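Here the structure comes first, spelled out in structure tokens, and everything after it is commentary.
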Amino acid sequence: MVSSISGKTVLVVDDESRMVEFIAMNLELEGFRVVRAANGSEALEKASREHPDLVVLDIMMPEMDGFETLAGLRETSSVPVIFLTAKSEEADRIRGLDLGADDYITKPFSPRELVSRIRAVLRRTEPAALASSEIVVDDELRINFDQRKVIVRGREVRLRPTEYRLLYQLVTNAGKLLTHEVLLSRVWGAEYRDEDQYVRLYITYLRQKIEKDPRNPRYILSERGLGYRFRDIARP
């Protein structure tokens, strides 16, 4: 049975034509519509024209590499992006995620792994039915997940879809310890159960956006070696 997210458009960007065709063939077999691009400039032009639902983007390209292409995409779009690269160094992974990528897959990879990652990212970035009422954490933090609004010290803070989902899990389970495994499963999906670095990195992003002093957090508290919990919220 074809997944409900199949039929969506995926832009595949790689300077190796055989890699593009390999990816395209496997995605089309799964019911995706594929748009192809051979370089960063072409990718930006096609992203603007085709409005893809997701971009698979190679890092190591001549002239405009994947990092530069992603920066260009993020000037006008929040489309989910999966980096594709032969490198596996953590520094590259973190740089890509810092720039706004949603995932990272290392060559060589199996078609099944790529399709699984694409589906997981699409599920994660689709609007979800979250809590509809406003949650007042304290005088400095108010959250309305249904309206996707986070107000920190009187100013609205913009969060990425994955950040919203992570914050939702933490806040709606305030006071409870959520292990790395639980957060990975609920926010990223079962495919990510061994990817602890995603939790750590996105916790850092959230703390930078909502904490007054991210190094001494008041809201998102660490349980060393176990996971995280959101501070207790006073109920009316």
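The values are calculated or read from the model by the stated rules, or taken from the named source; none is laboratory data. Just so you know, these numbers come straight off a predicted model, no measurement behind them. As a convention, Cβ positions derive from the backbone with ideal geometry for all residues, glycine included, and neighbour counts pool all protein chains shown.
Limited to region 208-236, what total is found for residues that are under 14 Å from residue 137 (Cβ atoms) and outside any loop (DSSP other than H, G, I, E, B)?
So the count comes out to 6.
Taking the residues in region 1-20 that are touching a strand residue (DSSP E or B) at 6+ places or on another chain (Cβ under 8 Å) and not aliphatic (A, V, I, L, M) as candidates, determine which candidate is modelled with the lowest pLDDT.
That would be 7.
Table: residues versus (1) assigned by TED's automatic domain parsing to the domain that holds residue 154; (2) without any contact (Cβ under 8 Å) to a residue 60 or more places away in the chain; (3) more than 23 Å from residue 124 (Cβ to Cβ); (4) not aliphatic (A, V, I, L, M).
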position	(1), (2), (3), (4)
196	yes, yes, no, yes
199	yes, yes, no, no
205	yes, yes, no, yes
213	yes, yes, yes, yes
216	yes, yes, yes, yes
224	yes, yes, yes, yes
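This table checks each residue for (1) closer than 20 Å to residue 124 by Cβ; (2) touching a residue at least 40 places away in the same chain (Cβ under 8 Å); (3) hydroxyl-bearing (Ser, Thr, Tyr).
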position: 150; (1), (2), (3): yes, yes, no
position: 164; (1), (2), (3): yes, no, yes
position: 184; (1), (2), (3): yes, no, no
position: 191; (1), (2), (3): yes, yes, no
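Identify all residues within region 141-158 that are farther than 19 Å from residue 229 by Cβ and assigned to a loop (DSSP other than H, G, I, E, B); write none if there are none.
146, 147, 148, 153, 154, 158
On the basis of being aliphatic (A, V, I, L, M), in a strand (DSSP E or B) and not assigned by TED's automatic domain parsing to the domain that holds residue 213, does residue 84 make the cut?
Yes; evaluated as a whole, the condition is true for this residue.
Kindly indicate which of 18, 49, 74 is assigned by TED's automatic domain parsing to the domain that holds residue 109, closer than 21 Å to residue 112 by Cβ and surrounded by fewer than 17 Cβ atoms within 10 Å (Cβ to Cβ).
18
Collect the residues in region 160-183 that are touching a Leu at 6+ places or on another chain (Cβ under 7 Å) and not in a helix (DSSP H, G or I), keeping them in residue-number order.
Once the filter is applied, which keeps residues that are touching a Leu at 6+ places or on another chain (Cβ under 7 Å) and not in a helix (DSSP H, G or I), region 160-183 yields 177, 178, 179.
Checking residue 109 against (1) free of Cβ contacts under 8 Å to residues at least 40 places away in the same chain; (2) surrounded by fewer than 18 Cβ atoms within 10 Å (Cβ to Cβ); (3) in contact with a helix residue (DSSP H, G or I) (Cβ under 9 Å, 6 or more places away or on another chain); (4) outside the structural domain of residue 68 (by TED's automatic domain parsing), which single condition isn't satisfied?
The one condition residue 109 does not meet is (4).
Is one or more of the residues making up region 200-217 surrounded by 16 or more Cβ atoms within 10 Å (Cβ to Cβ) and more than 21 Å from residue 100 (Cβ to Cβ)?
Yes, that holds for at least one residue.
Among the residues that make up region 55-71, is at least one of them in contact (Cβ under 8 Å) with a residue 60 or more places away in the chain, in contact with a strand residue (DSSP E or B) (Cβ under 7 Å, 6 or more places away or on another chain) and either among the aliphatic types (A, V, I, L, M) or assigned by TED's automatic domain parsing to the domain that holds residue 14 (or both)?
yes
Kindly provide the set of residues from region 28-52 that are assigned to a loop (DSSP other than H, G, I, E, B) and free of Cβ contacts under 8 Å to residues at least 60 places away in the same chain, ordered by number.
Selection gives 31, 38, 39, 51, 52.
Which of (1) at pLDDT 90 or above; (2) not assigned by TED's automatic domain parsing to the domain that holds residue 90 is the odd one out, the single condition residue 115 does not satisfy?
In the conditions (1) at pLDDT 90 or above; (2) not assigned by TED's automatic domain parsing to the domain that holds residue 90, residue 115 misses (2) alone.
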